[in-house]
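Working notes for the structure below.
The values are calculated or read from the model by the stated rules, or taken from the named source; none is laboratory data. For clarity, every value in this text was computed on a predicted model and none was experimentally measured. For neighbour counting, all protein chains shown are included, and Cβ atoms are generated from backbone atoms with ideal geometry for every residue, glycine included. What goes into the accessible areas is simple: the full protein's heavy atoms, side chains included, and nothing from ligands, DNA or RNA. Shrake-Rupley method; radii C 1.70, N 1.55, O 1.52, S 1.80 Å.
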Amino acid sequence: MHKNILIIGGTRFFGKQLVRRLLEQGHQVSIATRGLAADDFGNAVQRLRVDRRDASAMQAMFTHASYDLVYDQMCYSPLDAAISRSVFAGKVGRYLMSSTIETYRHLIAAIERPLREDDLDLRQVRLDWGYPWHDPALADASYAAGKLQAEAVLLQDQLLPVATLRIAHVLAAQDDFTGRLASYMRRVQQGLPLQHLPAAGRSSFLNVEAVVDAMLWAGQADFLGPVNLACSGEMSAPQLHERIARLLGQPGLLQPASHGTAASSPFDYAHDYVMDTSLAGTLGHDFPALDSWLDPLILSLQAHMQGSDMGVPHA
């Protein structure tokens, strides 16, 4: 059945692929953004120009709106979530918030097994309304706590039919504004050793196709609450570095750091940082294996970087 769908965001990274897939399925798609990022959707989407952090503007934009499904790609704090709760209560059939594996970060050392959804008790999350969540200088530092508190706001009072999608680290060959995978590629190409924490903890990953497949599935399902999204198979920072080196025919130089040293690259953890996806499996969704897509993705990124001259490596 074709649906009337709103995407808050949708103009970068995997959000663009989500829009394209929904259009291919014949849905009516609207995207709500500030209008600062260009897109190539043409007349296929309805564009709503609004700042999702402006409560008055959001109320004015969506006063008379109703949607079968909302994908919220831009909910980063309890303030954002409170706006959504106020604006969309009673107006949507299903509300999907893009959350993150980072909601579990404070549990890494405490739980020595793959992390499950119920390891986080959202009823016990303390909401901090006074923190400067919208300060750009604090965006990275407050990301994990902001996502966790946003989930708590949306799920504690159940005013919206919400599911929160805790997305593993997403790797991509193009359109990846984080540059994380590319930083490993550059290091290998320049023959630089990878410094890493002694434990070399493994973590969970997705590619763009897998995360979009999971989001489409979640849009058709009827479960509520949090669910982990991650491909089967885990990988540490040194394993990623060595895998890239093997594919590029380069030596994968490693340099273990001393205990107490901070991580020097993305995905470098002092303990395993892996999500359990058995709940998603029980609900009806299976994820592809990491090994089924990682090597082709690395080679695709190599070709993309060679064609775009991506410059000097990060330290």
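Does Met61 fit the bill of being open to solvent by less than 50 Å² (accessible area, probe 1.4 Å) and either at pLDDT 95 or above or not in a loop (DSSP other than H, G, I, E, B) (or both)? Write out each step before concluding.
On the way: open to solvent by less than 50 Å² (accessible area, probe 1.4 Å): no; either at pLDDT 95 or above or not in a loop (DSSP other than H, G, I, E, B) (or both): yes.
Criteria not met by Met61.
All but one of (1) modelled with pLDDT of 95 or more; (2) open to solvent by 20 Å² or more (accessible area, probe 1.4 Å); (3) touching a His at 6+ places or on another chain (Cβ under 9 Å) hold for Ile101; state the number of the condition that does not hold.
(2)
Return the only residue of Leu283, Leu224, Leu253 being surrounded by fewer than 16 Cβ atoms within 10 Å (Cβ to Cβ) and touching a Gly at 6+ places or on another chain (Cβ under 9 Å). Give the derivation first.
Working: Leu283 fails: touching a Gly at 6+ places or on another chain (Cβ under 9 Å); Leu224 fails: touching a Gly at 6+ places or on another chain (Cβ under 9 Å).
Step by step, each of Leu283, Leu224, Leu253 is checked, and only Leu253 is surrounded by fewer than 16 Cβ atoms within 10 Å (Cβ to Cβ) and touching a Gly at 6+ places or on another chain (Cβ under 9 Å).
Has segment 205-218 got any residue that is of a type in the set (Gly, Ala, Ser) and assigned to a loop (DSSP other than H, G, I, E, B)?
From segment 205-218, those of a type in the set (Gly, Ala, Ser) are 210, 214, 218; that's our starting set.
Now restrict to residues that are assigned to a loop (DSSP other than H, G, I, E, B): none.
The answer is no; no qualifying residue exists.
Working only within segment 128-172, note down all residues that are within 20 Å of Thr277 (Cβ to Cβ), of a type in the set (A, V, I, L, M, F, W, C) and outside any loop (DSSP other than H, G, I, E, B).
Result: Ala144, Leu148, Leu155, Val162, Ala163, Leu165, Ile167, Val170, Leu171.
For segment 6-24, state whether one or more residues are part of a loop (DSSP other than H, G, I, E, B), at pLDDT 95 or above, out of contact with any Phe, Trp or Tyr (no Cβ under 7 Å at 6 or more places or on another chain) and surrounded by 17 or more Cβ atoms within 10 Å (Cβ to Cβ).
Step one: filter segment 6-24 for residues part of a loop (DSSP other than H, G, I, E, B), giving 9-13.
From what's left, at pLDDT 95 or above: none.
The answer is no, given that none of the residues of segment 6-24 is part of a loop (DSSP other than H, G, I, E, B), at pLDDT 95 or above, out of contact with any Phe, Trp or Tyr (no Cβ under 7 Å at 6 or more places or on another chain) and surrounded by 17 or more Cβ atoms within 10 Å (Cβ to Cβ).
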